[in-house]
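K.L.:
Here you go, one structure.
The values are calculated or read from the model by the stated rules, or taken from the named source; none is laboratory data. Given the structure is predicted, the values throughout are model-derived calculations rather than measurements. With ideal geometry, Cβ positions are generated from the backbone for all residues, glycine too; neighbour counts draw on all protein chains shown. Calculation scope for accessible area: heavy atoms of the full protein, side chains included, ligands and nucleic acids excluded. Shrake-Rupley method; radii C 1.70, N 1.55, O 1.52, S 1.80 Å.
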Amino acid sequence: MSDSSGSPGTVSARPSGIYALIAVSLLYLFSFSFDPAGTRAALDQSLAILGRIAPVLVGVTVLVGLSKYALGPQVVARYVGAESGWLGYLLAALGGLLSHGPVYAWYALLRDFQAEGMRNGLIAVFLYNRAIKLPLLPLFLVYFEVEFAVVLGTVMIVVSAGQGFVVDRLVPN
């Protein structure tokens with residue numbers, strides 16, 4: 001992450017998050033004036049959702065912290081930076097294949113990698129390959145043939161590289 005000066009590694013407050021919190025709070029207050037019971041029910045449901053995703057958010061925070069500690073800008077630049085070549089595509093595709101959990105949990109880590117030099121195209125490759133779920137592969141094979149699974153998986157990986165190439169050309173770092 002970077003601050004307004006663009007220095008990597010420094011955390012900056014993002015006013016959009018504060019604005020969103022204020023807007024949602026005002027909407028709850030407004031709703032409460034018209035339907036207190038419904039607003040309480042909605043707030044209870046929102047808090048229940050927050051309780052379910054809190055462990056994921058804590059896990060992501062730990063993962064981001066560990067990645068900041070273990071993966072400096074030089075490592076990121078070497079393996080997924082501008083000069084990473086085919087190895088960057090391979091690592092991004094493999095990372096996407098092996099990643100688990102909700103996709104939003106990966107956004108902060110990918111943003112940090114981007115700030116450290118990861119190419120936008122490789123972020124696209126990672127996200128594209130998240131669609132291939134290795135833990136669900138046995139179930140996929142129950143419903144479809146092995147040949148179909150192999151062809152589809154191969155096409156998805158190859159197309160993700162093409163998509164990454166296009167993203168790098170249209171949205172360079």
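K.L.:
What are the residues in region 133-158 that are within 21 Å of LEU63 (Cβ to Cβ) and aliphatic (A, V, I, L, M), if any?
P.N.:
Within region 133-158, just LEU134 meets the criteria.
K.L.:
Scan region 20-37 and give yes if some residue there is under 28 Å from GLY101 (Cβ atoms) and open to solvent by 100 Å² or more (accessible area, probe 1.4 Å), otherwise no.
P.N.:
yes
K.L.:
Right, here's the next one. Mind telling me which of the residues TYR143, TYR79 ends up being modelled with pLDDT under 90 and in contact with a Leu (Cβ under 9 Å, 6 or more places away or on another chain)?
P.N.:
None of the others qualify; the one that does is TYR79.
K.L.:
Evaluate the following for PRO55: is it open to solvent by 40 Å² or more (accessible area, probe 1.4 Å), over 13 Å from the mean Cα position of the chain (by Cα), under 28 Å from GLY17 (Cα atoms) and of a type outside the set (Gly, Ala, Ser)?
P.N.:
It is true that PRO55 is open to solvent by 40 Å² or more (accessible area, probe 1.4 Å), over 13 Å from the mean Cα position of the chain (by Cα), under 28 Å from GLY17 (Cα atoms) and of a type outside the set (Gly, Ala, Ser).
Okay, residues lined up against (1) in contact with a Phe, Trp or Tyr (Cβ under 8 Å, 6 or more places away or on another chain); (2) open to solvent by less than 40 Å² (accessible area, probe 1.4 Å):
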{"site": "GLY95", "(1), (2)": "yes, yes"}
{"site": "VAL103", "(1), (2)": "no, no"}
{"site": "ASP112", "(1), (2)": "no, yes"}
{"site": "TYR128", "(1), (2)": "no, no"}
{"site": "ILE132", "(1), (2)": "no, yes"}
